[in-house]
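Okay, structure first, notes after.
The values are calculated or read from the model by the stated rules, or taken from the named source; none is laboratory data. The model shown is predicted, which means the values in this text are computed figures rather than measured ones. Here Cβ is always computed from backbone atoms with ideal geometry, including for glycine, and neighbour counts include all displayed protein chains.
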Amino acid sequence: MRHVLAAATTVLIAGCVFTLAAFAADLPPRPMNPPAPDSLVPQSAFFVGVGGGWGAANFGNQKVFGQGTSFTPPTGGHTTPQIGSAAGSTGLDLDTQTALAPAVQAGYFQHFSGTPWMWGGKFFYSYLGIGSARNGLLIPQSGGFTQDGAFTPFVGNYLVQSYRQTINHQISFVPFLGRSFERSYLYLGAGPTVAQTKTSIENITGFEAIAPFPTSPTGIGQGSNYSTSQWQWGGIAMVGATYFLDRTWFLDANYSYAMTGTKSSNWGGPWSDMTLTGGATRTGTNKGISSGSVNTQAITVSINAAF
């Protein structure tokens, strides 16, 4: 009897195992780890974009040197011409100014093999057109003139009706590292930048303190205007984020901070006017050196195409 029960139990267990195996065979296979959703960020791509945003420029501490010369023919009983010169410098701060700034960019990125991490670089151009001015700038002067064998010292000022610094173009190359996600990537980069700035000297006139009253060796109402442009090298840091609308189009928003080195620029030229008496023409030169740096900040949003 025991042998019969054991055999029946064995047959029952085998039948259950067979039934479970058959049922399991009818079920769809179940993966151990579900695959992650496909990312819209390409493994690698070139891209171009256009946009704009908000820009700010600070020209920091400026230093201005000015020097003037004058030549006055003999008048009023003098037997020799009056020949004079004076020079001096001053420092000044210019206020930070802001403006809307259009921008374009072009670059390339590529993932490190088998990872969400990526590297890339882009050329970034923006037109800032931001200027900051100081009105009524005084540049202290010290010098003298020689006439009829005598030297007369004097002090005075160059009066500049408007001293202006402007940054127009900024071009940067930014290598970057980043990490991609399902529809975006974040990045951080730094690289070189070059900025085109302009120095403008508007209506500059020299005054000398000579008794009994101050006079202008460059002629009252004869103020001169000068300007000069220069390119200044520096560095830029940038942090940004993208969002892919599809596999081709994406938005890019970034913040950048750039700083240039200090560079000097020369300005000046000749001047002439009529003396108050005698009808003789006075002549001379104005020349100066302006030096300083520029720091910029920008928040830029652009639409880009990857290909």
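Quick one: which of ILE167, ILE139 is under 12 Å from the mean Cα position of the chain (by Cα), assigned to a strand (DSSP E or B) and among the aliphatic types (A, V, I, L, M)?
ILE167 is the lone residue from the list that is under 12 Å from the mean Cα position of the chain (by Cα), assigned to a strand (DSSP E or B) and among the aliphatic types (A, V, I, L, M).
What are the pairs with Cβ atoms under 9 angstrom where one residue, in the stretch 237-254, is within 11 Å of ASN304 (Cα to Cα) and the other, located anywhere, is hydroxyl-bearing (Ser, Thr, Tyr) and modelled with pLDDT under 95? Sequence gap at least six, or different chains.
Filtered contacts from the stretch 237-254: PHE244/SER39.
Which numbered condition trips up GLY114, out of (1) modelled with pLDDT of 95 or more; (2) within 30 Å of LEU40 (Cβ to Cβ); (3) of a type in the set (Gly, Ala, Ser)?
Going through the list (1) modelled with pLDDT of 95 or more; (2) within 30 Å of LEU40 (Cβ to Cβ); (3) of a type in the set (Gly, Ala, Ser), GLY114 breaks only (1).
Got at least one residue in the stretch 144-161 being within 22 Å of GLN297 (Cβ to Cβ) and assigned to a strand (DSSP E or B)?
No: zero hits.
May I ask you to verify whether GLN67 is surrounded by 15 or more Cβ atoms within 10 Å (Cβ to Cβ), part of a strand (DSSP E or B), in contact with an Asp or Glu (Cβ under 9 Å, 6 or more places away or on another chain) and polar (S, T, N, Q)?
It is false that GLN67 is surrounded by 15 or more Cβ atoms within 10 Å (Cβ to Cβ), part of a strand (DSSP E or B), in contact with an Asp or Glu (Cβ under 9 Å, 6 or more places away or on another chain) and polar (S, T, N, Q).
Scan the stretch 157-183 residue by residue and report those that are crowded, with 18+ Cβ neighbours inside 10 Å, under 29 Å from PHE250 (Cβ atoms) and of a type outside the set (A, V, I, L, M, F, W, C).
Hits for the stretch 157-183 are GLN170, SER172, GLY178, SER180.
Looking for something more than 32 Å from the chain's Cα centre (by Cα), in contact (Cβ under 8 Å) with a residue 24 or more places away in the chain, outside any loop (DSSP other than H, G, I, E, B) and crowded, with 18+ Cβ neighbours inside 10 Å - is there at least one such residue anywhere in the stretch 45-52?
no
Tell me the residue from SER113, SER132 that is among the small types (Gly, Ala, Ser), in contact (Cβ under 8 Å) with a residue 40 or more places away in the chain and at negative phi, please.
None of the others qualify; the one that does is SER132.
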